[in-house]
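What follows draws every value from the coordinates through simple rules; no lab data is involved. Just so you know, these numbers come straight off a predicted model, no measurement behind them. Because the Cβ atoms are built from the backbone with ideal geometry, glycine has one as well, and the counts that use them run over all protein chains shown.
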Amino acid sequence: MVAARTARVGSVHRAGFSAMLDQAQRLVGAAAGLDGTMALDLKPRKRIGLVAHDNKKQDLVEWARFNRGMLAKHDLVATGTTGMMLGRELDLPVTCLQSGPLGGDLQVGAMIADGTIDFLVFFWDPLEPQPHDTDVKSLLRIAVVWNIPVACDRASADFMISSPLMTGSYQRTVPDYTAHNDREIPGSDDSGADAATAAADDAAAAADEGDGRTPVDPALGSTL
């Protein structure tokens, strides 16, 4: 089981995802739409993911300090160093994952896919190359895949956190990926078996009926 760290000023303790991230509770109130999508009922208290690259960490800390009152009404999850900084600065509980380059971005992405993060504040650095650039792109992509709000700079974060939706209920549409999950995969066990059976049937039919070609003597390489 993956362990998470909850950081507070003067104390760091571990908590299991199984206790904190109960997906069943998060999906209470979900209703299916006519097009197969799910409307996930987000409660007033939301789980916010907080991520920042090194050159953007101070920006995120300043933003969080200014909005501490609002953030205190929600559950906070952050990647390693960013989470420790926020825990010390805000004196609020922050569940800390791994550092971004060590897999923290991937952990946040997995939580989004599981439906356990409702909102992402990701101050990424557009001018500095990152050793885990593929993870960064994956995180931004998965946030769009699952239709969660994402703020990538202070202006966007200000607009989003000041929205009345932050402290109220919200019906978030979750796309229906049933067709994608049920698609036929070329080369899979079932399709491979079907193809082999079809090929065998064709060969048997050709042997019974003849294919109209002149037989060749394999030893002489000449027609009979």
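Per-residue Karplus couplings for the range 152-163, computed as 6.51 cos²θ - 1.76 cosθ + 1.60 with θ equal to phi - 60°, are listed in order as 9, 8, 5, 4, 4, 5, 4, 4, 6, 6, 8, 5 Hz, Gly and Pro entered as x. Between residue 138 and residue 182, what FRET efficiency comes out of the Förster formula 1/(1 + (r/R0)^6) with R0 = 22 Å and r the beta carbon distance, rounded to 0.05? Result of the calculation: an efficiency of 0.40. Spin-label model, residue 102 to residue 169: label points 7 Å out along the Cα-to-beta-carbon direction sit 4.1 nm apart.
At 0.36 nm per residue, and after removing the present C-alpha to C-alpha distance, how many nm does the segment from residue 162 to residue 73 gain when stretched out fully?
Working: separation 89, 0.36 × 89 = 32.04 nm, distance 1.30 nm.
That pair, residue 162 and residue 73, stretches by 30.7 nm at full extension.
Determine the shape class of the range 126-188: with a ≥ b ≥ c the square roots of the Cα gyration tensor eigenvalues, call it rounded for a/c under 1.5, and otherwise prolate if a/b is greater than b/c, oblate otherwise. In terms of gyration-tensor shape, oblate. The packing ranking, built from the mean of other Cβ atoms within 10 Å per residue, places the peptides 77-85, 112-120, 148-156 in the order 77-85, 112-120, 148-156, highest first.
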